[in-house]
Amino acid sequence: MNNPRARALADRIEQGASALASFAEGLSDAEWNTMVPGDGRAVGVTVHHVANMYPIEVELTQVLASGKPIEGVTWAAVADINKKHAHEQANVSKKDAIELLRRNSKAAADAVRTIKDEDLDHAAPVSLNADAPLTCQFFIEDHALRHSFHHLARMKAALKR
(Lines give C-alpha, C1' and ligand atoms only; values in the text may rest on other atoms or scores of the structure.)
Protein backbone atom coordinates (compact mmCIF):
# COMPACT_ATOMS: atom_id res chain seq x y z
CA MET A 1 0.00 0.00 0.00
CA ASN A 2 1.13 3.47 -0.78
CA ASN A 3 0.00 5.37 2.31
CA PRO A 4 2.81 7.82 3.07
CA ARG A 5 0.94 9.67 5.83
CA ALA A 6 -0.06 6.45 7.58
CA ARG A 7 3.49 5.11 7.26
CA ALA A 8 4.88 8.33 8.77
CA LEU A 9 2.46 8.09 11.69
CA ALA A 10 3.40 4.44 12.24
CA ASP A 11 7.09 5.30 12.16
CA ARG A 12 6.52 7.93 14.84
CA ILE A 13 4.62 5.42 17.00
CA GLU A 14 7.63 3.12 16.78
CA GLN A 15 10.00 6.00 17.51
CA GLY A 16 8.21 6.83 20.76
CA ALA A 17 7.97 3.20 21.85
CA SER A 18 11.63 2.63 21.05
CA ALA A 19 12.65 5.66 23.13
CA LEU A 20 10.54 4.42 26.03
CA ALA A 21 11.93 0.88 25.76
CA SER A 22 15.53 2.13 25.62
CA PHE A 23 14.94 4.31 28.67
CA ALA A 24 13.29 1.45 30.58
CA GLU A 25 16.12 -0.97 29.77
CA GLY A 26 18.59 1.31 31.53
CA LEU A 27 16.65 1.61 34.78
CA SER A 28 17.80 0.15 38.07
CA ASP A 29 15.36 -1.89 40.16
CA ALA A 30 14.87 1.11 42.44
CA GLU A 31 14.10 3.37 39.48
CA TRP A 32 11.75 0.75 38.00
CA ASN A 33 9.78 0.82 41.25
CA THR A 34 9.80 4.62 41.72
CA MET A 35 6.35 6.17 41.90
CA VAL A 36 5.56 8.78 39.25
CA PRO A 37 4.30 11.90 41.07
CA GLY A 38 0.73 12.83 40.24
CA ASP A 39 0.22 9.47 38.53
CA GLY A 40 0.02 6.98 41.38
CA ARG A 41 1.84 4.26 39.44
CA ALA A 42 5.40 3.03 39.53
CA VAL A 43 7.60 3.63 36.50
CA GLY A 44 7.53 -0.06 35.55
CA VAL A 45 3.75 -0.29 35.80
CA THR A 46 3.52 2.79 33.59
CA VAL A 47 5.77 1.23 30.94
CA HIS A 48 3.48 -1.81 30.93
CA HIS A 49 0.44 0.51 30.83
CA VAL A 50 1.64 2.16 27.62
CA ALA A 51 2.18 -1.26 26.06
CA ASN A 52 -1.20 -2.49 27.28
CA MET A 53 -3.11 0.43 25.76
CA TYR A 54 -1.88 0.06 22.16
CA PRO A 55 -4.49 -2.55 21.16
CA ILE A 56 -7.34 -0.42 22.55
CA GLU A 57 -5.98 2.73 20.90
CA VAL A 58 -5.69 0.93 17.56
CA GLU A 59 -9.19 -0.54 17.84
CA LEU A 60 -10.62 2.94 18.39
CA THR A 61 -8.48 4.31 15.56
CA GLN A 62 -9.97 1.73 13.21
CA VAL A 63 -13.47 2.81 14.23
CA LEU A 64 -12.67 6.39 13.19
CA ALA A 65 -10.90 5.24 10.03
CA SER A 66 -14.15 3.55 9.01
CA GLY A 67 -15.98 6.86 9.47
CA LYS A 68 -17.89 5.73 12.56
CA PRO A 69 -18.03 7.61 15.88
CA ILE A 70 -16.32 6.43 19.03
CA GLU A 71 -19.11 5.99 21.53
CA GLY A 72 -19.23 5.09 25.20
CA VAL A 73 -15.55 5.71 25.92
CA THR A 74 -15.18 8.12 28.83
CA TRP A 75 -12.34 9.36 30.98
CA ALA A 76 -14.00 7.61 33.93
CA ALA A 77 -13.82 4.31 32.02
CA VAL A 78 -10.18 4.98 31.18
CA ALA A 79 -9.44 5.70 34.85
CA ASP A 80 -11.08 2.40 35.82
CA ILE A 81 -9.01 0.51 33.23
CA ASN A 82 -5.85 2.20 34.49
CA LYS A 83 -6.64 1.51 38.16
CA LYS A 84 -7.37 -2.17 37.51
CA HIS A 85 -4.25 -2.49 35.35
CA ALA A 86 -2.04 -0.86 38.01
CA HIS A 87 -3.32 -3.30 40.62
CA GLU A 88 -2.89 -6.36 38.38
CA GLN A 89 0.58 -5.35 37.17
CA ALA A 90 2.00 -3.97 40.43
CA ASN A 91 4.92 -6.40 40.26
CA VAL A 92 5.48 -6.52 36.51
CA SER A 93 9.04 -7.40 35.54
CA LYS A 94 11.11 -5.15 33.38
CA LYS A 95 11.61 -7.95 30.85
CA ASP A 96 7.88 -8.65 30.53
CA ALA A 97 6.89 -4.98 30.26
CA ILE A 98 9.52 -4.17 27.64
CA GLU A 99 8.66 -7.27 25.59
CA LEU A 100 4.99 -6.30 25.63
CA LEU A 101 5.88 -2.72 24.73
CA ARG A 102 7.91 -3.83 21.73
CA ARG A 103 5.32 -6.39 20.57
CA ASN A 104 2.26 -4.18 20.97
CA SER A 105 3.86 -1.04 19.54
CA LYS A 106 4.94 -2.99 16.46
CA ALA A 107 1.42 -4.39 16.05
CA ALA A 108 -0.03 -0.90 16.47
CA ALA A 109 2.35 0.59 13.93
CA ASP A 110 1.66 -2.25 11.49
CA ALA A 111 -2.10 -1.66 11.86
CA VAL A 112 -1.72 2.08 11.31
CA ARG A 113 0.30 1.43 8.15
CA THR A 114 -2.71 -0.35 6.66
CA ILE A 115 -4.98 2.69 7.02
CA LYS A 116 -5.55 4.46 3.73
CA ASP A 117 -4.34 8.03 3.81
CA GLU A 118 -7.79 9.27 2.78
CA ASP A 119 -9.26 7.44 5.80
CA LEU A 120 -6.98 9.44 8.09
CA ASP A 121 -9.17 12.43 7.21
CA HIS A 122 -12.43 10.79 8.37
CA ALA A 123 -13.90 12.76 11.24
CA ALA A 124 -16.56 11.55 13.64
CA PRO A 125 -17.66 12.32 17.19
CA VAL A 126 -15.34 10.96 19.89
CA SER A 127 -17.04 10.42 23.25
CA LEU A 128 -13.69 10.66 25.06
CA ASN A 129 -13.43 14.24 23.80
CA ALA A 130 -16.97 15.55 24.48
CA ASP A 131 -18.15 14.17 21.13
CA ALA A 132 -15.92 16.58 19.24
CA PRO A 133 -15.69 15.46 15.60
CA LEU A 134 -12.03 14.45 15.45
CA THR A 135 -10.11 13.05 12.52
CA CYS A 136 -8.60 9.62 12.58
CA GLN A 137 -5.15 11.17 12.15
CA PHE A 138 -5.64 13.43 15.18
CA PHE A 139 -6.80 10.46 17.25
CA ILE A 140 -3.70 8.47 16.29
CA GLU A 141 -1.45 11.39 17.14
CA ASP A 142 -3.20 12.12 20.43
CA HIS A 143 -3.27 8.52 21.63
CA ALA A 144 -1.11 5.74 20.16
CA LEU A 145 1.61 8.15 19.05
CA ARG A 146 1.70 10.64 21.94
CA HIS A 147 1.20 8.15 24.76
CA SER A 148 4.78 6.87 24.99
CA PHE A 149 6.27 10.38 24.72
CA HIS A 150 3.90 11.68 27.42
CA HIS A 151 4.75 8.97 29.94
CA LEU A 152 8.46 8.99 29.11
CA ALA A 153 8.63 12.70 29.91
CA ARG A 154 6.84 12.13 33.23
CA MET A 155 9.16 9.25 34.11
CA LYS A 156 12.25 11.30 33.31
CA ALA A 157 10.95 14.10 35.52
CA ALA A 158 10.22 11.67 38.36
CA LEU A 159 13.74 10.23 38.11
CA LYS A 160 15.33 13.63 37.46
CA ARG A 161 16.90 12.42 34.22
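What are the residues in the stretch 56-84 that are assigned to a loop (DSSP other than H, G, I, E, B) and either in contact with a helix residue (DSSP H, G or I) (Cβ under 7 Å, 6 or more places away or on another chain) or under 22 Å from Leu101 (Cα atoms) (or both), if any?
Glu71, Gly72, Val73, Thr74, listed by residue number.
Any chance you could count how many residues in the stretch 113-137 are more than 12 Å from Pro69 (Cβ to Cβ) and buried (at least 16 other Cβ atoms within 10 Å of the Cβ)?
First, pick out the residues of the stretch 113-137 that are more than 12 Å from Pro69 (Cβ to Cβ): 113-121, 130, 135, 137.
Among the residues that remain, those that are also buried (at least 16 other Cβ atoms within 10 Å of the Cβ) are: 113, 115, 117, 119-120, 135, 137.
Residues meeting the conditions: 7.
Among the residues of the stretch 91-105, are any more than 17 Å from Ala24 (Cβ to Cβ) and at pLDDT 95 or above? So far as the stretch 91-105 goes, no, none of its residues is more than 17 Å from Ala24 (Cβ to Cβ) and at pLDDT 95 or above.
Can you find, within the stretch 90-112, the residue that is surrounded by the fewest Cβ atoms within 10 Å (Cβ to Cβ) among those that are of a type in the set (D, E, K, R) and without any contact (Cβ under 8 Å) to a residue 24 or more places away in the chain?
At the first step, the residues of the stretch 90-112 found to be of a type in the set (D, E, K, R) are 94-96, 99, 102-103, 106, 110.
Subset that is without any contact (Cβ under 8 Å) to a residue 24 or more places away in the chain: 95, 99.
On the way: Lys95: 9, Glu99: 13.
Here the residue is Lys95.
Within the stretch 7-30, the set of residues being over 17 Å from the mean Cα position of the chain (by Cα) and buried (at least 18 other Cβ atoms within 10 Å of the Cβ) comprises just one member, Leu27. Before we move on, is Ile140 over 13 Å from the mean Cα position of the chain (by Cα) and either modelled with pLDDT of 95 or more or under 21 Å from Arg7 (Cα atoms) (or both)? Here the answer is no, as Ile140 does not meet what is asked.
Counting residues in the stretch 25-46 that are among the basic types (Lys, Arg) and assigned to a helix (DSSP H, G or I) gives zero. Going by what's in this entry, would Leu152 be described as within 13 Å of the chain's Cα centre (by Cα), of a type in the set (A, V, I, L, M, F, W, C) and surrounded by 15 or more Cβ atoms within 10 Å (Cβ to Cβ)? The answer is yes for Leu152. Pick from the stretch 47-66 the residues that are in contact with an Asp or Glu (Cβ under 8 Å, 6 or more places away or on another chain) and among the small types (Gly, Ala, Ser): which of them is nearest to Lys116 (Cα to Cα)? Ranking the qualifying residues of the stretch 47-66, first place goes to Ala65. When you scan the stretch 137-157, do you find a residue that is under 15 Å from Glu57 (Cβ atoms) and assigned to a strand (DSSP E or B), even just one? No, the stretch 137-157 contains no residue that is under 15 Å from Glu57 (Cβ atoms) and assigned to a strand (DSSP E or B). Figure legend. Inter-residue proximity from the stretch 121-138: first residues at positive phi, second residues in a strand (DSSP E or B), beta-carbon distance below 8 Å, spacing 6+ or different chains. Indicated pairs: Asp131/Pro125.
Checking Val58, Val47, Val63 one by one, the residue that is more than 23 Å from Leu152 (Cα to Cα) and of a type in the set (Val, Ile, Thr) is Val63 and no other. Every listed requirement among (1) surrounded by fewer than 15 Cβ atoms within 10 Å (Cβ to Cβ); (2) in a loop (DSSP other than H, G, I, E, B); (3) not β-branched (Val, Ile, Thr) is met by His87 save one, (2).
Is one or more of the residues making up the stretch 38-58 aromatic (Phe, Trp, Tyr), modelled with pLDDT of 95 or more and surrounded by 22 or more Cβ atoms within 10 Å (Cβ to Cβ)? Steps first, answer last, please.
Of all residues in the stretch 38-58, those aromatic (Phe, Trp, Tyr) come to 54.
Still in the running and modelled with pLDDT of 95 or more: 54.
Pick out the ones that are also surrounded by 22 or more Cβ atoms within 10 Å (Cβ to Cβ) and you get 54.
Scanning the stretch 38-58 turns up at least one residue that is aromatic (Phe, Trp, Tyr), modelled with pLDDT of 95 or more and surrounded by 22 or more Cβ atoms within 10 Å (Cβ to Cβ).
The values are calculated or read from the model by the stated rules, or taken from the named source; none is laboratory data. Quantities reported herein were computed from a predicted structural model and do not represent experimental measurements. We place every Cβ from the backbone using ideal geometry, glycine too, and count neighbours over all the protein chains shown.
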